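Q: Here it is, the structure, as structure tokens.
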């Protein structure tokens with residue numbers, strides 16, 4: 001099965017639950033095939049949880065939800081060793097992070113210590129408890145959410161931790177027509193309860209490996225570098241994107257190309273992915289914020305200002 005076939009199977013299956021959000025659903029599949037994690041910043045009730053759950057079901061994987069609160073401990077995420085009196089030995093009880101798709105709901109309500117424990121799992125794909133290291137499930141993705149309108153009692157993620165997320169996205173409110181369709185679908189039962197897997201975990205892993213083989217020519221690689229370099233020299237940005245952002249933009253562009261049925265990356269794919277990969281990685285200067293500028297604006301503008309390769313060829 002090609003990545004295009006796998007990708008569109010996932011997209012169409014998830015859309016049985018998520019109505020009218022093709023762009024967001026496609027982004028989530030791109031991130032999943034890129035072996036990355038997603039930060040969703042949006043208001044409550046727009047199906048963030050259902051997006052993560054639908055993705056997990058669609059790939060035949062395990063889904064776990066972590067409700068982040070100020071009293072959440074790192075062991076509540078990673079798991080804990082418990083002494084068994086019958087055997088006289090400690091037994092490991094895995095935490096919710098031991099799943100294929102993990103939803104970290106309202107991640108900015110967890111303390112920095114707990115946030116760090118989760119983000120370590122994201123980066124290393126393993127947990128260490130009482131000196132023993134255990135690998136996480138494969139495939140593995142964290143979809144974290146945060147509410148942009150409630151700041152009381154929150155612990156915003158530092159920039160170094162935001163950089164661990166492959167992309168940042170929003171879902172937004174549905175249109176009136178889509179909302180009416182949501183009411184029709186949900187009238188008798190929740191459609192996620194009838195959702196069936198369309199891929200196996202093994203097929204998902206094969207798609208992730210196939211994405212890495214998508215060709216990226218030297219002009220396109222240079223285009224990616226120029227965009228990221230542009231964030232570091234921009235007059236309105238105090239801290240630009242890191243080399244991790246370059247790698248993220250490369251991998252996301254490969255995944256998008258594969259889902260679109262291409263075996264090489266077009267500059268347009270880089271331009272399409274750049275705002276989602278870069279926006280959460282930029283720190284603006286105070287004077288830029290006072291003028292109403294946002295990281296999202298600049299993450300969209302910078303790729304437009306960088307000359308794209310005129311003729312995409314497959315020569316390295």
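The values are calculated or read from the model by the stated rules, or taken from the named source; none is laboratory data. Since we're looking at a predicted model, the values are computed, not measured. Counting neighbours? That spans all protein chains shown, and the Cβs are built from the backbone with ideal geometry, glycine included.
Q: Would you check if there is a residue in the range 172-179 being in contact with a strand residue (DSSP E or B) (Cβ under 8 Å, 6 or more places away or on another chain) and either loosely packed, with under 12 Cβ neighbours inside 10 Å or assigned by TED's automatic domain parsing to the domain that holds residue 48 (or both)?
A: No, every residue in the range 172-179 fails to be in contact with a strand residue (DSSP E or B) (Cβ under 8 Å, 6 or more places away or on another chain) and either loosely packed, with under 12 Cβ neighbours inside 10 Å or assigned by TED's automatic domain parsing to the domain that holds residue 48 (or both).
For every residue, the table says whether it meets (1) touching a residue at least 12 places away in the same chain (Cβ under 8 Å); (2) surrounded by fewer than 21 Cβ atoms within 10 Å (Cβ to Cβ); (3) touching a helix residue (DSSP H, G or I) at 6+ places or on another chain (Cβ under 8 Å); (4) in a loop (DSSP other than H, G, I, E, B).
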position	(1), (2), (3), (4)
223	yes, no, yes, no
226	yes, yes, no, no
241	yes, no, yes, yes
245	yes, no, yes, no
254	yes, no, yes, no
257	yes, no, yes, no
270	yes, no, yes, no
277	yes, no, yes, no
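Q: Scan the range 133-140 and tell me whether some residue there is surrounded by fewer than 15 Cβ atoms within 10 Å (Cβ to Cβ) and within 17 Å of the chain's Cα centre (by Cα).
A: yes
Q: Yes or no: residue 66 in the same structural domain as residue 191 (by TED's automatic domain parsing) and assigned to a strand (DSSP E or B)?
A: It is true that residue 66 is in the same structural domain as residue 191 (by TED's automatic domain parsing) and assigned to a strand (DSSP E or B).
Q: Separate question: From the list 236, 159, which residue is under 21 Å from residue 306 (Cα atoms) and in contact with a strand residue (DSSP E or B) (Cβ under 8 Å, 6 or more places away or on another chain)?
A: 236
Q: Among helices (runs of 4 or more DSSP H) lying entirely in the range 80-193, which contain 2 or more residues that are without any contact (Cβ under 8 Å) to a residue 12 or more places away in the chain?
A: Working: elements: 112-124, 159-162, 176-186.
Correct list: 112-124, 176-186.
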